[in-house]
Amino acid sequence: MDPNPKTFPVLSYVMSRLPKLGSKPPASDSSQIDIESGDVGASTSATGGSGELVDQMPHLSHPKILASMTLAISDVAQTRSVLQTLGERPDHEAVDKAKAKIVEIDSRLSKQLEEIVLSPRPSSIERLQFRAHQAEKEQECRQAAEKEKQIYKAVVQLDEMHEAYEKLLKEAEERLVKLYESASAFADDVEHLPVKEETNEEVVGVLQEASGKGLERVDLSGRRLRFLPEAFGKIRSLVALNLSCNQLEFIPDSIAALENLEELNLSSNLLELLPDSIGLLVNLKILDASGNKLLVLPDSICHCRSLVELDVSFNNLTYLPTNIGYELVNLKRLSINLNKIRSLPTSIGEMRSLCHLDAHFNELRGLPFAIGRLTNLETLNLSSNFSDLTELPETIGDLTNLRELDLSNNQIQALPDTFGRLDNLNKLNLDQNPLVIPPVEVVNEGVEAVKVFMAKRWLEILVEEEQKSLLEVKEQTQTGWLTRSTSWLGGVVSGVSQSVSGYLGPGPRDPYLDQQL
């Protein structure tokens, strides 16, 4: 399951240092590191290769660089954990058999549906009742076929996930090499970062400087800070505060006194909570709290109504505040990727200024219908929600300004019928989905082909609905004519009976004439 050290040397080195479930802590001797568990030969090869790799890339073992690399491959680590739970990749023969079985079941289903459609209607059954009966039989056939296909689709989907994982490994290796090249240029500076005592003195120096003149920007990133003094709340002139890449576990409530603060960077710390007082930062425009351990966002964050950018990616969030959309109406960019969010609040549809929404690598099971109200949305990333995301709402077609859409690595079988209305869409990723509508051959032709196909399908549906409507009107008209004719005939018969009675006058009457016509 782990990357091959010969193919992905840097990635293997970094991932071998990640803690594994059920494994013992790594020994201090690097020769005992097992990169590919279960294969002694591979382990020995990887160990030897890691020594050579460190010789070639001397800064690779530096804690700061290694920490940055670990953060950069979080998606690989999470995917590996998922695949370790699901199991090894099925062999090629098993996948081919599963695909053939799915085709066989679909073919059998098509024949069954054709027989249902072509079956004659008994004269004793009304048309509507017969149609309802046919619909029930069709639904039963589809459900039975779907139940039968589940086990085979699971095999195919597991194979597709492993294939996507291999692609992810290649991208991660390239990403790590670039990151190392960038970080190694500043390795000497990294080596001489101030220690805790020096950091405290530096913070004190900042506070002393602030008391003499109005500081607007303070950058304390990468200083190994473990706490932020309450006195920081006294720097009322502060406009931008960068506390990223430290070891902060909490932010003091006194931060609420920074009434002029517009930019706050808290990324790459150890925060599990944000203070409730953060809602008092009414001028805050940019908040970056990515790369922490946040479990929830305080409801008070909704009061930061000036927010334009909010990044809470790579945390442990499972939901967003219910009213976040009603309050953050000026938000243009929202990044919630790499969390465990299962659903988006309905209020998100009120973020009418939102242009960019990144929700990839979560556990989303769908989108609220209100998503269609985001008419200014230009980019939407819903990739890698895996088996949780199976469909999109019809209102997705209302996102008329959408330009980029990523739906890869999900379980979407059909795009919404309104998809063809996304006229401005020019970039679309549908990889690793069991798509039926549109067909794979259409998807392979590109985004324009998909839009044309879905637009035609939408037009056909509209025409069919119009024809059904006209047919219902015609049937109602015919039924009304028959009712009026019967009523008229009854009136005529009644009039004739009265005329005959009046003509014969009183006296004995023939019983035959009293019979009703």
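Values in this text are rule-based calculations from the coordinates and carry no lab data. As the structure is a prediction and not an experimental result, all values here were calculated from the model. We place every Cβ from the backbone using ideal geometry, glycine too, and count neighbours over all the protein chains shown.
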* To do: Only Lys, Arg, Asp and Glu count, each charged at its Cβ (+1, +1, -1, -1), so figure out the dipole size of the range 261-303 about its Cα centre, rounded to 20 debye.
  => 60 debye
* Full-stretch length increase - SER254, SER306 - with 0.36 nm per residue and alpha-carbon distance subtracted -> 16.8 nm
* To do: Distance between Cα centroids, the range 344-371 to the range 224-282: provide it in whole Å.
  => 27 Å
* Asked: Given 0.36 nm per residue, what is the gain on full extension from GLN139 to ALA231 after removing their alpha carbon distance, in nm?
  -> 26.4 nm
* Asked: Could the peptides 346-358, 461-473 be put in order, highest first, of the mean number of other beta-carbon atoms found within 10 Å of their residues?
  -> 346-358, 461-473
* To do: Using a cut-off of 10 Å between beta-carbons, work out the net charge of the residues near ASP299 (Lys and Arg +1, Asp and Glu -1, ASP299 not included).
  => -2
* Rounded to the nearest 0.05, what FRET efficiency do ASN426 and LYS147 give with R0 = 25 Å and r taken as the Cβ-Cβ distance? Could you check? => 0.05
* Would you mind checking the range 138-181 for residues with the amide N under 18 Å from a putative spin-label position 7 Å along Cα→C-beta of ASP91? => 155-156, 158-160
